[in-house]
Amino acid sequence: MKYAESVVDLIGNTPLVKLNRVTEGITATVLVKVEYLNPGGSVKDRVALKMITEAEKSGELLPGGTIVEPTSGNTGVGLALVAQQRGYKCVFVTPDKVGEEKRDVLRAYGAEVVVTPTSVSPDSPHSYYAVSDRLTAEIPGAYKPNQFFNDNGPLSHYESTGPEIWRDTDGKVTHFVAGAGTGGTISGAARFLREVSNDGVRIIAADPEGSIYSGGTGRPYIVEGVGEDMWPGTYSPELVHEAIAIDDAESFAMTRRLAREEGLLVGGSSGMAVAAGLRVARTLGPEDVMVILLPDSGRGYLTKVFNDTWMRDLGYDHGEGETLASVLPA
Ligand code: PMP
């Protein structure tokens, strides 16, 4: 019989898939690593598993304890899934720009969710960082993984994401592209890939226009889960060769193309990463192998990037002209 002992054992070992249509005119091989195939639906399952396992080992998380974390949703799902399997409670703090569907998913796994305003500075007492600190202090047996300063985040990618990419490309990968939120994905995978290839893999950060990773001021953007207005401890800028800024319009246009042309229903940060990757891929040749990491599924954004009214209200191209009349035979 072939089965996993628990859903936690299904985390990681996500597949690589070649892009075939959005890469028209590009001679390099462009592969995407499909992280929505993790059991919690995102790349963050890897980080959650590592942070909880290490906190158990260090004694910071004791049996029956409560995990408190500021999270845009995906880290919460990963934490909730692992916590539930191991008997912990979860309280998550999310900014209000995060979609209601994402919060409902957290609640569905049995977590409690506290919502905070997006438009306050990171040092305001109402910021999601501050609120989660207060809850951690007040709840007995609380443990805050603190994903923006927890080395186990990047370490999980050093131990899993990076080696998987190297193994599955037979060591032929030449470029790695990922967005950065905490920066854990890109920093951990980059550290492994640069080490194992003797610096032969070029590391490219995709970043929302306005975010500080690509030289912005931290001004707002709409794409979720990526970009920052402060430097977290989990991002290692010295490992990144280049950061490419992509605006929301381009991120969302590419996100919609990935669903319609590649059959990949992914979130806006995936579209952003592919948009950045393809800019570089256009300058590459047939020997090059690019891997772009797609962090999560588009299911959490059906009322946003995949909703024509939402796109139109924000002034983005939403594929007008694809009416029923245009697809029916004359
Ligand atoms: N995309 C999405 C949708 C995310 O939720 C996250 C995690 N915040 C990222 C990208 C970025 O991953 P990381 O935190 O590892 O930089």
Which values, in whole Å and largest first, are the semi-axes of the equivalent ellipsoid of the stretch 175-241 obtained as the square root of 5 times each eigenvalue of the Cα gyration tensor? 23, 10, 9
In a Debye calculation with equal point scatterers on the alpha-carbon sites of the stretch 49-128 and no solvent, what is log10 I(q)/I(0) at q = 0.11, 0.12, 0.22, 0.25 Å⁻¹? -0.29, -0.35, -0.95, -1.10
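Please arrange K44, K57 by how many other C-beta atoms lie within 10 Å of their C-beta, fewest to most.
On the way: K44 33, K57 9.
Listed from fewest to most nearby Cβ atoms, that is K57, K44.
Taking GluC sites (Glu not before Pro) as candidate sites, keep only those in a DSSP loop with at most 16 other Cβ atoms within 10 Å, then name the longest stretch of the chain containing none of them.
61-286
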What are the extents of the Cα atoms of the chain along their three principal axes, in Å, largest first? 64, 50, 47
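May I ask what percent, to the nearest 5, of DSSP beta bridges between residues of the chain are antiparallel?
Values: 5 of 36 bridges.
Counting only bridges with both partners in the chain, antiparallel ones make up about 15 percent.
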GNM result for the chain, Cα springs below 10 Å: residue of G183, G267, G64 fluctuating most strongly: G64
Spacing of the two label points (7 Å from each Cα toward its C-beta) at T283 and T27, in nm: 1.7 nm
Sort the stretch 224-273 into rounded, prolate or oblate with this rule: let a ≥ b ≥ c be the square roots of the eigenvalues of the Cα gyration tensor; rounded if a/c is under 1.5, and if a/c is not under 1.5, prolate when a/b is larger than b/c, oblate otherwise. prolate
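If I stretch the segment between K18 and S119 completely, what's the gain in nm (0.36 nm per residue apart, minus their alpha carbon distance), one decimal? Don't skip to the answer; put the middle values down first.
Numbers: separation 101, 0.36 × 101 = 36.36 nm, distance 3.86 nm.
Computed gain between K18 and S119 is 32.5 nm.
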Return the whole-Å distance between the Cα centroid of the stretch 26-95 and the Cα centroid of the stretch 228-280. 21 Å
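Give me H175, H318 ranked fewest to most by other Cβ atoms within 10 Å of their Cβ, as a rough exposure proxy.
Numbers: H175 22, H318 19.
Going from sparsest to densest Cβ surroundings: H318, H175.
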Measure off 7 Å from each Cα along the Cα-to-Cβ vector at D151 and N307, then give the distance between these two points in nanometres to one decimal. 4.3 nm
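Distance check, please: which entries in K2/K102; K102/K144; K50/K304 exceed 28 angstrom between their Cα atoms? Display every interim value, and only then the final one.
Numbers: K2/K102 32 Å; K102/K144 20 Å; K50/K304 31 Å.
In this structure, K2/K102; K50/K304 lie more than 28 Å apart at Cα.
Would you mind ranking L193, L284, L278, L49 by Cβ crowding within 10 Å, fewest neighbours first? Write out the running numbers ahead of the final one.
Details: L193 29, L284 18, L278 21, L49 24.
Starting with the residue having the fewest Cβ neighbours, the order is L284, L278, L49, L193.
Values quoted throughout were computed directly from the atomic coordinates according to the rules given, and no laboratory measurement underlies them. These numbers come from a predicted model, not from an experiment. Methodologically, a virtual Cβ is constructed for each residue, glycine included, from the backbone with ideal geometry; neighbour enumeration extends over all protein chains shown.
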